[in-house]
Amino acid sequence: MSDKVNLTIDGRKLEAPAGSTILQAAKDANIYIPHLCHNDELKPYGACRLCVVEITHRNRTRIVASCIYEVAEGLEVQTVTERVLNVRKLVIELLLSRNKKSQVLQDIAQKLEVEKSRFELDIKGCILCGMCIRTCKEVVGVNAIGYKSRGFTREVATPFDETPPDCIACGSCAYVCPVDFIQYSEKNGVRTIWNTEFPMQKCTKCGRHIAPVKQLDHFKETLNLPEDHFDICLHCR
Amino acid sequence: MMEPLNVYASRLVNSKEFFVSGHKSCQGCAEALAVRLVGKALGENVIVSCATGCMEVVSSAFPHTSWDVPWFHTAFGNAAAVASGTEAGIKAQVRKGRLPEKETVILGMAGDGGTTDIGFQALSGAMERGHNMMFVCYDNEAYMNTGIQRSSATPLGARTTTTPAGKINPGEEFTIKKNMPEIMVSHNIPYVATACPSYPLDLIEKVQKAAKTKGPAYVHILSVCPTGWRIPSEKAIWIGRLAIETGVFPLFEVVNGRYKMTFKDLELRPVEEYLKPQGRFRGLAPEMMEKFQEQVTDNYNDLLKKSGLK
């Protein structure tokens, strides 16, 4: 897989490993393409559509999402053209209609010279990028949350909107959420996420809270550790 | 406030390194860790000007370098001046159309000597002129690189080679640590923050905020130095945590003059827990300990008042 392909991005001749995406190649060359649903640790998904670019291949131009389009020999990519900017402006308007308050969205909108969204929607703020769901599946590996319903009513939810049985309260979904929609708080040894309270394990020596009990149970189960392994925190050992 | 999440969330942080391994810092150096985290937070679109000090010595011994981004070595005192010049230069080149507009982050970095002592007037000038740059101070509380001499960031009672133990006092006798973040707040700059590599996600978040700020930004990072603080190298992260938990180095950020504590309901532990494990405070008289505690509590309460929590 060490094959390299040659492509041009914004007139710059670049070499990228075969199988990588346009977004990765642009990132390596320090060319900025706005994006919300991409993280190097997660599989490409192509949900937010902000990363659209214009490609020319065999004399035909078209708009593609750069985070899921693989590089190819002789590909010509333009990241800033009138057509691309028009698409991005529409996309950011649609995203803003789902979440008006997000600073991240507003910053991108400002760069694209979009003042406000033309669309009015009664949606709480999730932009359905799927970062939380993919993180839960690919990084944490517990599959505690997923999509619910379709179309307009689609949202990210726990199974049956109840207390998530598989959730270990690690909070990665709250960390990764680009618009800070997932609520997370921690107070007096109780972590609250997905409307559920998770008690934290207390170190028997120093009294500091280590992590949610469920998370430590998950570690013990997957790593085959003794039952009292997490009674004492790292520093007291 | 993402700190307790760092089991899985830390895997989602930028996996590329810009301060790469192979440098010559001591075992357990938290400053090298802080530089690495700052590099991860800023990405490749950055130009660094680094003052003389530990990080310059360990990372750029000819012909090797640990830096994967454009990096200047400046004299001891002028990291901020060089950074501000870089910013002005890029601005002029962009205006003349010779460079594309890429929003490059201009980072000045120095140790506590290069910030609070020698580089102070260059930094003060750069901040006052309002350049669109950020400055990071890696504070290990003495001139560690040249052999642990005291600086103005050395705390009360700490033993260094220039403040050795005498018959009455074990170390630094009269002076308390210079409150650098507060001095930076008085420059009326849009963003000031304190961070510690023992809380990596918080550090990354603050550095990214500083980079996004239009105008000057300052981040003060406490970097534990096992060699100079006389602690075992594996305890560096733990001592960093204790510094925050005891209130010796409170974590906060000041955005446009508004204070915000990072840990809102922190019950302070006694300062003794922080001082006892460190060899540089060995033999500290109980009166000095009390004085230290008093000063820490005052400072912390002051911060709470400013942030409207008390």
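Brief remarks on what is shown
- Residue match in the range A:51-66 (condition: in contact (Cβ under 8 Å) with a residue 40 or more places away in the chain, more than 30 Å from A:Y175 (Cα to Cα) and not acidic (D, E)): no
- A:L85 passes every criterion in (1) more than 21 Å from the chain's Cα centre (by Cα); (2) surrounded by 19 or more Cβ atoms within 10 Å (Cβ to Cβ); (3) of a type in the set (A, V, I, L, M, F, W, C); (4) at pLDDT 90 or above apart from (2).
- Any hit, the range A:11-29, residues being under 26 Å from B:F18 (Cβ atoms), over 26 Å from the mean Cα position of the chain (by Cα) and surrounded by 14 or more Cβ atoms within 10 Å (Cβ to Cβ): yes
The rows are residues; the columns are (1) away from chain B (no Cβ under 14 Å); (2) over 18 Å from A:V179 (Cβ atoms); (3) part of a loop (DSSP other than H, G, I, E, B).
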position	(1), (2), (3)
A:K27	no, yes, no
A:N30	no, yes, yes
A:N39	no, no, yes
A:L42	no, no, yes
A:I55	yes, yes, no
A:N86	yes, yes, no
A:V91	yes, no, no
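- In this structure, A:L121 qualifies as within 21 Å of A:T153 (Cα to Cα), assigned to a loop (DSSP other than H, G, I, E, B), within 24 Å of the chain's Cα centre (by Cα) and among the aliphatic types (A, V, I, L, M).
For (1) without any contact (Cβ under 8 Å) to a residue 24 or more places away in the chain; (2) surrounded by 13 or more Cβ atoms within 10 Å (Cβ to Cβ); (3) not assigned by TED's automatic domain parsing to the domain that holds A:G46, each residue gets a yes or a no:
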| residue | (1), (2), (3) |
| --- | --- |
| A:C136 | no, yes, yes |
| A:F152 | yes, no, yes |
| A:P159 | yes, yes, yes |
| A:G171 | yes, yes, yes |
| A:T204 | no, no, yes |
| A:R208 | no, yes, yes |
| A:E221 | yes, no, yes |
| A:N224 | yes, no, yes |
| A:E227 | yes, no, yes |
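- Qualifying positions in the range B:276-288 - among the hydrophobic types (A, V, I, L, M, F, W, C) and crowded, with 18+ Cβ neighbours inside 10 Å: B:F281, B:L284, B:M288
- For B:E273, the stated conditions do not hold, so it cannot be described as free of Cβ contacts under 8 Å to residues at least 12 places away in the same chain, surrounded by fewer than 20 Cβ atoms within 10 Å (Cβ to Cβ) and farther than 20 Å from B:A34 by Cα.
- Residues that are of a type in the set (A, V, I, L, M, F, W, C) and either touching a residue at least 24 places away in the same chain (Cβ under 8 Å) or exposed (fewer than 12 other Cβ atoms within 10 Å of the Cβ) (or both), drawn from the range A:179-202: A:V179, A:F181, A:I182, A:I193, A:W194, A:F198
- When the range B:8-51 is filtered for residues that are among the aliphatic types (A, V, I, L, M) and farther than 18 Å from B:H220 by Cβ, the ones remaining, listed by number, are B:A9, B:L12, B:V13, B:V20, B:V46, B:I47.
- Residue ranges of strands (runs of 3 or more DSSP E) in the range B:124-232 with at least 1 members among the charged types (D, E, K, R) and out of contact with any Lys or Arg (no Cβ under 8 Å at 6 or more places or on another chain): B:134-139
- Among residues of the range B:180-215, those that are touching a His at 6+ places or on another chain (Cβ under 9 Å) and either surrounded by 17 or more Cβ atoms within 10 Å (Cβ to Cβ) or closer than 17 Å to B:L12 by Cα (or both), counted: 7
- Close pairs from the range B:217-242: first closer than 16 Å to A:L234 by Cβ, partner of a type in the set (S, T, Y) and outside any helix (DSSP H, G or I), Cβ under 6 Å, at least 6 apart: B:I237/B:S198; B:G240/B:S198; B:R241/B:S198
Residue-by-condition table, conditions (1) buried (at least 18 other Cβ atoms within 10 Å of the Cβ); (2) touching a residue at least 60 places away in the same chain (Cβ under 8 Å); (3) touching a Pro at 6+ places or on another chain (Cβ under 9 Å); (4) more than 13 Å from B:P216 (Cβ to Cβ):
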{"site": "B:H64", "(1), (2), (3), (4)": "no, no, no, yes"}
{"site": "B:K96", "(1), (2), (3), (4)": "no, no, no, yes"}
{"site": "B:L107", "(1), (2), (3), (4)": "yes, yes, no, no"}
{"site": "B:G111", "(1), (2), (3), (4)": "yes, yes, no, yes"}
{"site": "B:G125", "(1), (2), (3), (4)": "no, no, no, no"}
{"site": "B:V136", "(1), (2), (3), (4)": "yes, yes, no, no"}
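- Selected residue (criterion: surrounded by the most Cβ atoms within 10 Å (Cβ to Cβ)) from residues of the range A:113-129 that are more than 14 Å from chain B (Cβ to nearest Cβ) and in contact (Cβ under 8 Å) with a residue 40 or more places away in the chain: A:I127
The values are calculated or read from the model by the stated rules, or taken from the named source; none is laboratory data. Owing to the predicted nature of the structure, the values given are computational and were not obtained by experimental measurement. Here the Cβ is made from the backbone with ideal geometry for all residues, glycine too, and neighbour counts use every protein chain on show.
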